[in-house]
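Read through the structure below, which is laid out as structure tokens, and then see the notes.
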Amino acid sequence: MSRPYIVDIVETDGTVSKELKGISSQSGRFLISQDLAAAPFPEDRFKAFPDIKMDIGSKITLYRAPVIKIKDGKRSKEVRSWTKTVGELFTEQKIELGKDDRVNFASDTDLENGMEIAITRVAITNIDEKEPIDFAITKKEDKTLDEGKTRIEVAGVAGVRTKTYQVRREDGEEVSRKLINSAITTPPVTEILIIGTKPVITVRCNYNETVIAAALKYSVNANTICNLMMKESNGHATSVSGGGYKGLFQYEDGFWADVSRKAGYGGASVFDPTAQIFTTAWAWSHGLSGRW
């Protein structure tokens, strides 16, 4: 059965914004207020006189619940609540805070209608970034490997340095990062490169092996010795010129006696190819190349 009702809407500041009159067959203060276009919210509070159960019509006072705006990270919403403090509101709304999260009001702050509460969600995490470490190269000479040739004895392997950063994100956006550790997690492996130093003869020559041995001993160029030999005697150990010059490199007797003795071949025949080759290599390495 329909009954007459009056609905007074009391705003959060205590003022009556509307007085609505009408007939409703609904039961309950919320439904009657809705029937009279008061647009009630579930959180609103009501008083009625006389009691609606008397079924004779009533005056209903609708008290609007305070409206609070909450910005939680990147999400925003409006809630209506009769709680007294920010902390009580969070409990009611089941809003949990992380230990690093920030709120623009303390938890014991009294709520006010229209208050805007901002929660900044803070995440602090550690992340690892890896960067390569170049390997070193150690070169070793090998007298058994031809000059100009190389081989890798141990392959180099790049290492890894791991840098750990403490990253702070607010509402999902990175705002800072701090290096908190840097360590070599994979040491590099040094490459060992073998460099051939065995002389290689690429010109006309005689007594090649002897020339190579002498070039190695005195660190002279084997091809230089060969070219000199071919120029002076065309590679003939017993060659004698009209001026008294003898052997592969055309020595005078006096010069031969002096230089061969210093080279460790004193008393050797000027026609001995081994003695001449080693003596000449010694002389070349001791600044006597201008003799030829």
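The values are calculated or read from the model by the stated rules, or taken from the named source; none is laboratory data. A quick note: this is a predicted structure, and the numbers were derived from the prediction, not measured. Here the Cβ is made from the backbone with ideal geometry for all residues, glycine too, and neighbour counts use every protein chain on show.
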Among the residues that make up region 58-66, is at least one of them out of contact with any Cys (no Cβ under 6 Å at 6 or more places or on another chain) and loosely packed, with under 15 Cβ neighbours inside 10 Å? no
Would you please name the residue that is surrounded by the fewest Cβ atoms within 10 Å (Cβ to Cβ), looking only at residues in region 214-236 that are of a type in the set (Gly, Ala, Ser) and touching a residue at least 24 places away in the same chain (Cβ under 8 Å)? Ser219
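So, Ala38, is that one part of a loop (DSSP other than H, G, I, E, B), under 30 Å from Ser107 (Cα atoms) and out of contact with any His (no Cβ under 6 Å at 6 or more places or on another chain) or not?
So Ala38 does not fit the description; no.
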Restricting attention to region 239-292, report how many residues are touching a strand residue (DSSP E or B) at 6+ places or on another chain (Cβ under 6 Å) and either touching a residue at least 12 places away in the same chain (Cβ under 8 Å) or of a type outside the set (Val, Ile, Thr) (or both). 2
Kindly indicate the residue of region 45-78 that is among the acidic types (Asp, Glu) and in a strand (DSSP E or B) and also farthest from the chain's Cα centre (by Cα) among those meeting that condition. Glu78
If the requirement is being in contact with a Lys or Arg (Cβ under 8 Å, 6 or more places away or on another chain), hydroxyl-bearing (Ser, Thr, Tyr) and part of a strand (DSSP E or B), which of these qualifies: Thr138, Thr125? Thr125
Here the qualifying pairs (Cβ atoms under 6 Å; residues six or more apart or on different chains; first in region 19-36 and of a type in the set (Lys, Arg); second in a strand (DSSP E or B) and at pLDDT 95 or above) come out as Lys21/Ile6; Arg29/Phe46; Arg29/Ala48; Arg29/Ile60
With the requirement that a residue be surrounded by 14 or more Cβ atoms within 10 Å (Cβ to Cβ) and modelled with pLDDT of 95 or more, what does region 197-211 give you? Ile201, Cys205, Asn206, Tyr207, Thr210, Val211
Does Phe41 qualify as being in contact with a helix residue (DSSP H, G or I) (Cβ under 8 Å, 6 or more places away or on another chain), hydrophobic (A, V, I, L, M, F, W, C) and closer than 24 Å to Met115 by Cα? no
Within region 85-113, how many residues turn out to be part of a loop (DSSP other than H, G, I, E, B) and surrounded by 12 or more Cβ atoms within 10 Å (Cβ to Cβ)? 11
Exception for Val157 within (1) touching a residue at least 40 places away in the same chain (Cβ under 8 Å); (2) surrounded by 12 or more Cβ atoms within 10 Å (Cβ to Cβ) falls at (1)
